[in-house]
Amino acid sequence: MKKLYIFDFDGTLVNTFYDSVIAYNKALKYFELPPYDYDSLEDIDYTDFVNSMTEDIDVLEKYREFYENDEKQYTLPYPKTLEVLEDLTKRGCEVAICSNRKQEQLNDYTRKLFPNINFRYVIGYTPEGGFKPNPEVMNRILDNVDYTKDEIVYVGDKKTDITTAQNVDVDAVIVTWGQGDNDAYTDEYPIKVIDSIEDLLNI
């Protein structure tokens, strides 16, 4: 079993997608544009949604504004996530987060959604720190732990997460419930592609 589990945030630990769609449609409505049409939030395909988004800067800025200020009632951990994180820590493993979400937002979400989880590190985007897959982002964790590379795994949902793990030479696990696609699921680098977070307990 690994000793340090480092997690991506959006699409891996937490479903932030639904509230993004809602905020985007509010921005379209603000500019009197047709909404992104869907029958139910659960049925929206992430890739289809992203490909449908406008390139209009004004709309995108308004979308970010709505997203920043909305209540985000649908932003919640994926099923069984809390239980698995608690189980990992009970087994003596450590957990951390490495995300491209802004550091301040990541801190707030982590405190709100995971109040009982003792993350060793919570690393998000800062202007001086850059974005994944830049290895400097992950190295903010790796340079400060005593584990060997084979005792560490990075868990994410997208191709960027695979490249992030490759750039620092640690194993990767890809999840299928997030915002990934077939390019990530069929990549040869991950040691495993999992359909349930509970599968981490067998790695």
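Bear in mind these aren't lab numbers, they're just calculated from the coordinates by the rules spelled out. All values derive from a computational prediction rather than experimental measurement. Counting neighbours? That spans all protein chains shown, and the Cβs are built from the backbone with ideal geometry, glycine included.
Between the helical axis of 159-168 and the longest alpha-carbon principal axis of the chain there is an angle of about 30 degrees. Legend: ranking of residues Ser99, Ser52, Ser196, Ser20 from fewest to most surrounding C-beta atoms inside 10 Å; resulting order Ser52, Ser196, Ser20, Ser99.
Relative to the dominant Cα principal axis of the chain, helix 17-30 is inclined by about 20°. Length available on full extension from Met1 to Leu60: 0.36 nm per residue minus the Cα-Cα distance, which gives 16.9 nm. The tail of the calculated P(r) for segment 17-69, taken as Cα-Cα distances beyond 17 Å, holds 27 percent of the pairs. Centre-to-centre, using Cα atoms only, segment 164-203 and segment 67-137 are separated by 17 Å. Label 7 Å along Cα→Cβ of Leu33; segment 50-92 residues with amide nitrogen under 20 Å? 50-70, by backbone N distance to the label point. Any idea what log10 I(q)/I(0) is at q = 0.08 Å⁻¹ for the chain, Debye with uniform C-alpha scatterers and no solvent? Log-scaled intensity ratios, in q order: -0.28. From its DSSP helices (H runs of at least four residues, each -39,500 (n - 2.57)), the chain gives a residue-normalised ellipticity at 222 nm of -11000 deg cm²/dmol. Here's how it looks for Glu94: its modeled amide H is under 5 Å from those of Leu4, Tyr5, which are all 5 or more places away or on a different chain.
Could you line up Met53, Met138 from fewest to most neighbouring Cβ atoms inside 10 Å? Final ranking by Cβ density, sparse to dense: Met53, Met138.
Computed from phi, the 3J(HN,Hα) profile of segment 46-53 under the Karplus parametrisation 6.51, -1.76, 1.60 (θ = phi - 60°) reads 4, 5, 4, 4, 4, 5, 7, 5 Hz, with x in place of Gly and Pro.
My understanding is that a pair violates if its Cα-Cα distance is over 19 Å; which of Lys80/Lys112; Lys3/Lys132; Lys26/Lys62 do that in this structure? Too far apart for the 19 Å limit: Lys3/Lys132.
How would segment 145-203 be classified by its alpha-carbon gyration tensor: rounded, prolate or oblate, with rounded meaning a/c under 1.5 and the a/b versus b/c comparison settling the rest? Write out the running numbers ahead of the final one.
Details: a/c = 2.20, a/b = 1.32, b/c = 1.67.
Cα axes put segment 145-203 in the oblate bin.
Compared with the dominant Cα axis of the chain, that is its longest principal axis, helix 57-69 is turned about 60°.
Other residues with beta-carbon under 10 Å from the beta-carbon of Thr75 carry, at +1 per Lys or Arg and -1 per Asp or Glu, a net charge of -2.
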